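The values are calculated or read from the model by the stated rules, or taken from the named source; none is laboratory data. What you see is a predicted model; the values in this text were computed from it and never measured. Here the Cβ positions follow ideal geometry from the backbone for every residue, glycine too, while neighbour counts run over all protein chains shown.
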Amino acid sequence: MPSHRDVRIESTSLRFIPVETRVPLKFGSETLTSVTCARASVNVANASGVQATGWGETPLSVQWVWPSSISYSDRHDALKDFTKRLCPKISSISAYGHALGLGHEFLFNGLPKVLADFNAGLRPGQEPMPWLAALVCASAFDIALHDAYGKINGLPVYQAYGSDYLNRDLSSFLEPAEGSDVSFMGKTPADYFDPSPKSLQPVWHLVGGLDPLTPADLTGDEPDDGYPVHLQDWIDRDGLNCLKIKLRGNDADWDYNRLASVGAIANKLAVDWLTTDFNCTVTDPAYVNDILDQLLVDEPLTYAKILYVEQPFPYDLEAHQIDVHSVSARKPLFMDESAHDWEHVRLGRELGWTGVALKTCKTQTGALLSLCWAKAHGMTLMVQDLTNPMLAQIPHVLLGTHAGTIMGVESNAMQFYPEASNHEAKIHPGLYQRRHGCLDLSTINGPGFGYRLDEIERELPAPIAEA
C-alpha cells in the first residue's frame, strides 16, 4: 500500500515560451540569440484521491546541451520534438511514490529508452541527440513533479526530503566510491542540506566572450534600453562581487588576455571573486595549467581571486577520461556539463575533479542525488545558471541556498533577457534584479517551490502537448 504522502502522476501538459536576447551570449564556438523555454505541468493524486498540479520550466538551450556543426534549427526542432514526446511517457507512470523515487525511476530506466528510440528513428546521417539534451528536455517535467509533491503535502518541497516523507533512504539510489568509508544507509537528502539556508545569496555575473568590458569596447550597436552595456556599469549598478569569465579554450593568448583584462577591472572595482569557464573545449590539462601559472607570476592578485575553474574538458567524461589532478592541484576544479548524474560525479572524482556545479536543468532529482554523493565524498558545490528566466529561476536559486555552495549562485538572465521575467519580478523583485551583489529569496513562500503562481499575472500560450 502506498503511504498517504505518496503520489501518482495523473496527467501532464507542455507549453513553449519563446524568448529573445537583448545581447548575444557566446557558448564556445556558437552564439545564443534566442531560446525556447519549456514549461510543463504535472498533475498528481494521492491514495485518497486528492490532487495537485505542479509546474516546472527549463530553457532548451540548444548551444549548451548540443554543441555541433549541424544547423541550429535542426537541433532546436529535435529538442522540441523530444520534449513533446516525453509528455505521454511521464503521464503513463502508474506507480505511487515520492517525487524523488518516481523521478529516479524515470531518469535511470525510462528516459534512456525514450532517447534510444528517438535516435533509432532518425534518418540516415542525422546526428543522434546527446544525453545532456535529453536530461534538459526532461527537467521541466521532473521539476513540476517535485513542485506537485510539495503542494499535495502542503509544505515547501525542501521540507519533504527527510525521513518523514521519503519511504527509502539514499542507499536505494546511491553507491559510495570504492574504498571510501561513506555509507548512505539511513541517510536522506535533508542530511546534506545547509542547516541554515540564507535568503540573501551572493550572485555571479557572466562575462560572455562577446561582452564589452569598458566604454572603450563599445561599438555603438549596443541596445539603448536602460540596462548596462559593459562590465564596469554592471558592477557599479548591481554591486557585483563575483564574475564568471567565459573563455575560448582553443586560443591561449586570447584566454590569458581576457582573464588579465577582467582581472584588472575586478582589482580596480574591488570585486573579490572570479571563476574561469573554458566551455569544454580543452583537451590537454597543460593548456589550463600554463594559463594559471602565467597568471600566478604576472597577475598574482587576479590569480588569487580565482575561486575555482569550471569544466575545461569535453562533455563526454566516459569517452575522454583525462587525468586532471594537475589542474585541481592549482585551483579547485568543478564538473559542469560532464556531471550528468552521481555516477559521472563518481568517475570525475577518480580523475581528479574536486567540485560539482549543480544545475536544475539536469533535473531536480539528479541535482539532489549529485549533491548528496558529492558532499558525502568531500567535494565542493556550486549551483550554475542556464540563463534561467521566469519560473526557472526559482528552483535554481532554492537549490543554491540549500546546497551550501562555495559561493552563492550564478544568475545571468537579467543580463541577456531581463524583460522576459517582468511578470514574475513584480512578485519576486529580488530574484530578477541583483542588488548589492546578492539575490533576495525572501519572497519565495508556500508549498512546492513557493512560486506564488496565483499572484503572477502571466498569460500562458496554449499547450502544445497534453497527456
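Observations
- Condition met for residue 204 (hydrophobic (A, V, I, L, M, F, W, C), in a helix (DSSP H, G or I) and surrounded by 20 or more Cβ atoms within 10 Å (Cβ to Cβ)): no
- Residue 423 being farther than 26 Å from residue 333 by Cβ, in the same structural domain as residue 274 (by TED's automatic domain parsing) and without any contact (Cβ under 8 Å) to a residue 40 or more places away in the chain: yes
- Here residue 153 fulfils each of the conditions (1) buried (at least 22 other Cβ atoms within 10 Å of the Cβ); (2) in contact with a helix residue (DSSP H, G or I) (Cβ under 6 Å, 6 or more places away or on another chain); (3) touching a residue at least 60 places away in the same chain (Cβ under 8 Å) apart from (2).
- Filtered residue count, the range 356-395, keeping only those that are polar (S, T, N, Q), closer than 24 Å to residue 112 by Cβ and part of a helix (DSSP H, G or I): 4
- Residue in the range 234-242 that is surrounded by fewer than 15 Cβ atoms within 10 Å (Cβ to Cβ) and either part of a strand (DSSP E or B) or free of Cβ contacts under 8 Å to residues at least 60 places away in the same chain (or both) present: yes
- Counting only residues that are surrounded by fewer than 16 Cβ atoms within 10 Å (Cβ to Cβ) and of a type in the set (Gly, Ala, Ser), the range 10-34 holds 2 of them.
- Conditions (1) surrounded by fewer than 16 Cβ atoms within 10 Å (Cβ to Cβ); (2) under 21 Å from residue 142 (Cβ atoms): number failed by residue 429: (2)
- Condition met for residue 460 (in the same structural domain as residue 201 (by TED's automatic domain parsing) and at negative phi): no
Residue by residue, here is whether (1) in the same structural domain as residue 108 (by TED's automatic domain parsing); (2) closer than 19 Å to residue 248 by Cα; (3) modelled with pLDDT of 95 or more holds:
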residue: 305; (1), (2), (3): no, no, yes
residue: 308; (1), (2), (3): no, yes, yes
residue: 318; (1), (2), (3): no, no, no
residue: 325; (1), (2), (3): no, no, yes
residue: 338; (1), (2), (3): no, yes, no
residue: 347; (1), (2), (3): no, no, yes
residue: 355; (1), (2), (3): no, no, yes
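- Test for residue 206: is it under 30 Å from residue 229 (Cα atoms) and within 24 Å of the chain's Cα centre (by Cα): yes
- When residue 93 is tested against (1) within 17 Å of residue 361 (Cβ to Cβ); (2) among the β-branched types (Val, Ile, Thr); (3) in a loop (DSSP other than H, G, I, E, B), only condition (1) is not met.
- No other residue among 221, 225 is among the charged types (D, E, K, R), in contact with a strand residue (DSSP E or B) (Cβ under 9 Å, 6 or more places away or on another chain), modelled with pLDDT under 95 and exposed (fewer than 15 other Cβ atoms within 10 Å of the Cβ) apart from 225.
- If the condition is being surrounded by fewer than 22 Cβ atoms within 10 Å (Cβ to Cβ) and either touching a helix residue (DSSP H, G or I) at 6+ places or on another chain (Cβ under 8 Å) or in a helix (DSSP H, G or I) (or both), then the range 267-290 contributes 267, 268, 269, 271, 272, 273, 285, 286, 287, 289, 290.
- Qualifying residue in the range 117-139 (condition: modelled with pLDDT of 95 or more, in a helix (DSSP H, G or I), farther than 30 Å from residue 4 by Cα and of a type outside the set (A, V, I, L, M, F, W, C)): yes
- Residue 439 vs. criteria at negative phi and part of a strand (DSSP E or B): yes
- Some residue of the range 380-392 being within 21 Å of the chain's Cα centre (by Cα) and without any contact (Cβ under 8 Å) to a residue 60 or more places away in the chain: yes
- Candidate set: the range 35-55, residues that are assigned to a strand (DSSP E or B) and in contact with a Pro (Cβ under 7 Å, 6 or more places away or on another chain); chosen: the one surrounded by the fewest Cβ atoms within 10 Å (Cβ to Cβ): 36
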